[in-house]
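One structure is given here, and the rest of the page talks about it.
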Amino acid sequence: MKPRIEKNISAAEYRGSEGISASDLKWIVPPRTPSHYVANVIGPVDKPQTRAMLIGTLAHLAVLEPEKLDGAFALKPQDIDLRTKDGKAWKASIGDLPVLDQGEADSLHGMRDAVAAHQIASELLRGADYEVSLWAEHPGTGLPIKGRMDAIGNSVIADVKTCEDASPAAFAASAARLLYDLSAAHYCALANECDIPVEAFWWIAVEKAAPYAVAVYQPSDEVMKRGYRLAEAALTRVRECCDMQEWPGYPTSSVLQYPAWALREEGL
């Protein structure tokens, strides 16, 4: 696969394109197994958009392209019941626009305004290209890889993350659990293969509820090293499974150890 950069491709077109994304790789990182990867990446899995996914997509739009936000959804009138005749007529009048209640709309506007008012976050986004899709061949395995950057420009990649708690300890815990470092390494590796200079990677964390606190974090060298190790190990595992045409699940049997907290509860 030749390196490729697209700035105006839709999210649906990107998702349907060839290549392994960072989200795909997370399905094969332990404790998940190759069988989870097949079921969720290769297999015919129908994944309808959840409410959380919808709000997440709109939150990114609010932060990256705020001028498009209010045209991307319809605000449900408080005096309308969508189950009634009048409610159904109103729903038909808005076409395919998603319907949000006042609280959801307020949250999106709050996140939008908070990021715009944050000096460092707004500077990271100013002048960057948004929703940039990259494709390349992974040099170690020959597998096609892809990624969609929230914002890239001025030798910086910025990744917007909505969260419940943007404090350093809470965000670090979420980032480790959700493998944000793997995604960061995947994006940086893709940019390198596409000859895009990247001098820094930043997370812009914004809370989903008032006061919509914003924090900006740069992963440490140790965090990025872990991300590269995880990404490389995952791609190597995919390559091995492809070559063998075997996608194993959990071990057939093993000795089960309880976590320390469970044993402490019993005074052991």
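Look at the stretch 14-34 and say how many of its residues are farther than 19 Å from L190 by Cα and outside any loop (DSSP other than H, G, I, E, B).
The number of residues fulfilling the criteria is 1.
Does the stretch 209-225 hold any residues that are crowded, with 18+ Cβ neighbours inside 10 Å and either in contact with a strand residue (DSSP E or B) (Cβ under 9 Å, 6 or more places away or on another chain) or of a type in the set (D, E, K, R) (or both), and which are they?
Those that are crowded, with 18+ Cβ neighbours inside 10 Å and either in contact with a strand residue (DSSP E or B) (Cβ under 9 Å, 6 or more places away or on another chain) or of a type in the set (D, E, K, R) (or both): Y212, V214, A215, V216, Y217, P219.
Among the residues of the stretch 159-192 satisfying the criterion of being among the aliphatic types (A, V, I, L, M) and within 12 Å of the chain's Cα centre (by Cα), which is surrounded by the fewest Cβ atoms within 10 Å (Cβ to Cβ)? I'd like the intermediate steps shown before the answer.
At the first step, the residues of the stretch 159-192 found to be among the aliphatic types (A, V, I, L, M) are 160, 166, 169-170, 172-173, 175-176, 178-179, 182, 184-185, 189-191.
Restricting the remaining residues to those that are within 12 Å of the chain's Cα centre (by Cα) gives 160, 175, 178-179, 182, 184.
Details: V160: 23, A175: 21, L178: 13, L179: 21, L182: 23, A184: 25.
So, considering only residues that are among the aliphatic types (A, V, I, L, M) and within 12 Å of the chain's Cα centre (by Cα), the one surrounded by the fewest Cβ atoms within 10 Å (Cβ to Cβ) is L178.
For the subset of the stretch 3-13 comprising residues that are outside any helix (DSSP H, G or I) and free of Cβ contacts under 8 Å to residues at least 24 places away in the same chain, which member is surrounded by the fewest Cβ atoms within 10 Å (Cβ to Cβ)? Lay out the reasoning, then the answer.
Let us first name the residues in the stretch 3-13 that are outside any helix (DSSP H, G or I), namely 3-10.
If we keep only those that are free of Cβ contacts under 8 Å to residues at least 24 places away in the same chain as well, we get 8, 10.
Details: N8: 9, S10: 11.
Per the stated criteria, the residue is N8.
Which one is farthest from the chain's Cα centre (by Cα), of the residues in the stretch 22-36 that are farther than 13 Å from A233 by Cβ and buried (at least 17 other Cβ atoms within 10 Å of the Cβ)?
First, pick out the residues of the stretch 22-36 that are farther than 13 Å from A233 by Cβ: 22-24, 27, 31, 33, 35-36.
Going one step further and asking which of them are buried (at least 17 other Cβ atoms within 10 Å of the Cβ), we end up with 22, 24, 27, 33, 35-36.
Values: A22: 8, D24: 11, W27: 13, T33: 20, S35: 22, H36: 18 Å.
So the residue we want is S35.
For D106, are the conditions met, namely being without any contact (Cβ under 8 Å) to a residue 12 or more places away in the chain and of a type outside the set (A, V, I, L, M, F, W, C)? Steps first, answer last, please.
On the way: without any contact (Cβ under 8 Å) to a residue 12 or more places away in the chain: yes; of a type outside the set (A, V, I, L, M, F, W, C): yes.
Against the criterion (without any contact (Cβ under 8 Å) to a residue 12 or more places away in the chain and of a type outside the set (A, V, I, L, M, F, W, C)), D106 qualifies.
Right, G19: out of contact with any helix residue (DSSP H, G or I) (no Cβ under 9 Å at 6 or more places or on another chain), modelled with pLDDT of 95 or more and either exposed (fewer than 12 other Cβ atoms within 10 Å of the Cβ) or not β-branched (V, I, T) (or both) or not? Walk me through how you get there before you give the answer.
Values: out of contact with any helix residue (DSSP H, G or I) (no Cβ under 9 Å at 6 or more places or on another chain): yes; modelled with pLDDT of 95 or more: yes; either exposed (fewer than 12 other Cβ atoms within 10 Å of the Cβ) or not β-branched (V, I, T) (or both): yes.
So G19 passes the test.
Count, please, the residues in the stretch 221-268 that happen to be among the charged types (D, E, K, R), more than 29 Å from Y180 (Cβ to Cβ) and at pLDDT 95 or above. Steps first, please.
Of the residues in the stretch 221-268, the ones among the charged types (D, E, K, R) are 221-222, 225-226, 229, 232, 237, 239-240, 243, 246, 264-266.
Filter once more, keeping what is more than 29 Å from Y180 (Cβ to Cβ): 243, 246, 264-266.
Restricting the remaining residues to those that are at pLDDT 95 or above gives 243, 246.
So the count comes out to 2.
Is there any pair linking a residue in the stretch 124-144 that is free of Cβ contacts under 8 Å to residues at least 60 places away in the same chain and under 24 Å from Y228 (Cβ atoms) to one that is part of a helix (DSSP H, G or I) and not aromatic (F, W, Y), with Cβ under 8 Å and at least six apart or on different chains, and which?
P139/E193
Which pairs have Cβ atoms under 7 Å, sit 6 or more apart or on different chains, and link a residue in the stretch 17-28 that is among the aliphatic types (A, V, I, L, M) to one that is modelled with pLDDT of 95 or more and in a loop (DSSP other than H, G, I, E, B)?
I20/L143
Taking only the stretch 67-91 into account, find how many residues are part of a helix (DSSP H, G or I), under 33 Å from the mean Cα position of the chain (by Cα) and either exposed (fewer than 15 other Cβ atoms within 10 Å of the Cβ) or at pLDDT 95 or above (or both).
Adding up the residues that qualify gives 2.
Answer yes or no as to whether A62 is closer than 28 Å to K146 by Cα, of a type outside the set (F, W, Y), in contact with a Lys or Arg (Cβ under 6 Å, 6 or more places away or on another chain) and modelled with pLDDT of 95 or more.
Working: closer than 28 Å to K146 by Cα: yes; of a type outside the set (F, W, Y): yes; in contact with a Lys or Arg (Cβ under 6 Å, 6 or more places away or on another chain): yes; modelled with pLDDT of 95 or more: yes.
So A62 fits the description; yes.
Tell me which of these N40 doesn't satisfy, since it passes every other one: (1) part of a helix (DSSP H, G or I); (2) touching a residue at least 60 places away in the same chain (Cβ under 8 Å); (3) polar (S, T, N, Q); (4) under 30 Å from Q245 (Cα atoms).
(2)
The values are calculated or read from the model by the stated rules, or taken from the named source; none is laboratory data. Source: prediction; values computed, not measured. Using ideal geometry, Cβ is built from the backbone for each residue, glycine included, and neighbour counts are taken over all protein chains shown.
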